[in-house]
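Asker: I have a structure here, written as structure tokens, and I will follow up with some questions on it.
The values are calculated or read from the model by the stated rules, or taken from the named source; none is laboratory data. On a predicted model such as this, the values are computed, not experimentally measured, just so you know. Counting neighbours? That spans all protein chains shown, and the Cβs are built from the backbone with ideal geometry, glycine included.
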Amino acid sequence: QKEVEQDPGPLSVPEGAIVSLNCTYSNSAFQYFMWYRQYSRKGPELLMYTYSSGNKEDGRFTAQVDKSSKYISLFIRDSQPSDSATYLCAMSVWSGNQFYFGTGTSLTVIP
Amino acid sequence: ETGVTQTPRHLVMGMTNKKSLKCEQHLGHNAMYWYKQSAKKPLELMFVYNFKEQTENNSVPSRFSPECPNSSHLFLHLHTLQPEDSALYLCASSLGVAGAQETQYFGPGTRLLVL
């Protein structure tokens, strides 16, 4: 079983839609959860991180962690064409430097 | 601009060639990483260096040989690669590796094709 599961998509939505991206994981020791955004021909860039369960909001982005279900989500409100990218989830145990990544979900926002 | 540069951006090599990938970070970080990104697969951590010392080697084949002469530079020496080694090779850096909260900053990657 993979450490982290993520639907690769592709996901295509109209501009202004609410986007929901999700990952599930198997290791209950994960404490630190991250979302990276990767544009074509670029390296991943950290979008948001959260520690343990709960919600975190940053502008149009909301990261949600449900440790009881081993499920994390990234919501994008009022999606824009500039949000078109691949979104990678990643997670790690607090004290380690080993990050476990999902495969990434390809998102296209259509004007 | 992330402050992490990688050269070359694209590389085509035969299985008998020897080549090197270079990474440089201008962020004053102490830790550097090599990752492999293949289509439809998660990022795979290959090597970690902290203060020039290798701290992780995730069972990477010996045909990949890392070198970290200082905290700003990281190399990946390649020899006798296989076609399945074709992938995007990403370099990253972080201030430290003391905890999972250390943000990693990625370079743009080197797209490698092995013929």
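Asker: Scan region B:12-27 residue by residue and report those that are closer than 15 Å to B:Cys91 by Cα and away from chain A (no Cβ under 14 Å).
Answerer: B:Ser20, B:Lys22, B:His26
Asker: Identify all residues within region A:28-64 that are small (Gly, Ala, Ser), farther than 16 Å from A:Thr103 by Cα and in contact (Cβ under 8 Å) with a residue 12 or more places away in the chain; write none if there are none.
Answerer: A:Ser28, A:Ala29, A:Ser52, A:Ser53, A:Ala63
Asker: Related question: Looking for something surrounded by 15 or more Cβ atoms within 10 Å (Cβ to Cβ), of a type in the set (Val, Ile, Thr) and within 13 Å of chain A (Cβ to nearest Cβ) - is there at least one such residue anywhere in region B:48-59?
Answerer: yes
Asker: Being facing chain B (nearest Cβ under 10 Å) and either β-branched (Val, Ile, Thr) or in a loop (DSSP other than H, G, I, E, B) (or both) is the filter here, so list the residues in region A:87-111 that pass it.
Answerer: A:Val93, A:Trp94, A:Ser95, A:Gly96, A:Asn97, A:Gln98, A:Phe99, A:Gly102, A:Thr103, A:Gly104
Asker: Scan region A:21-41 and tell me whether some residue there is under 25 Å from B:Ser94 (Cβ atoms), more than 9 Å from the chain's Cα centre (by Cα), at pLDDT below 90 and among the charged types (D, E, K, R).
Answerer: yes
Asker: So, one more: Between a first residue in region A:1-27 that is more than 28 Å from A:Pro81 (Cβ to Cβ) and a second residue that is in a loop (DSSP other than H, G, I, E, B) and among the basic types (Lys, Arg), which pairs have beta carbons less than 7 Å apart while being 6 or more apart in sequence or on different chains?
Answerer: A:Thr24/A:Lys70; A:Tyr25/A:Lys70; A:Ser26/A:Lys70
Asker: For region A:10-48: of the residues being assigned to a strand (DSSP E or B) and of a type in the set (D, E, K, R), which is nearest to A:Tyr71 (Cα to Cα)?
Answerer: By that ranking, first place goes to A:Arg37.
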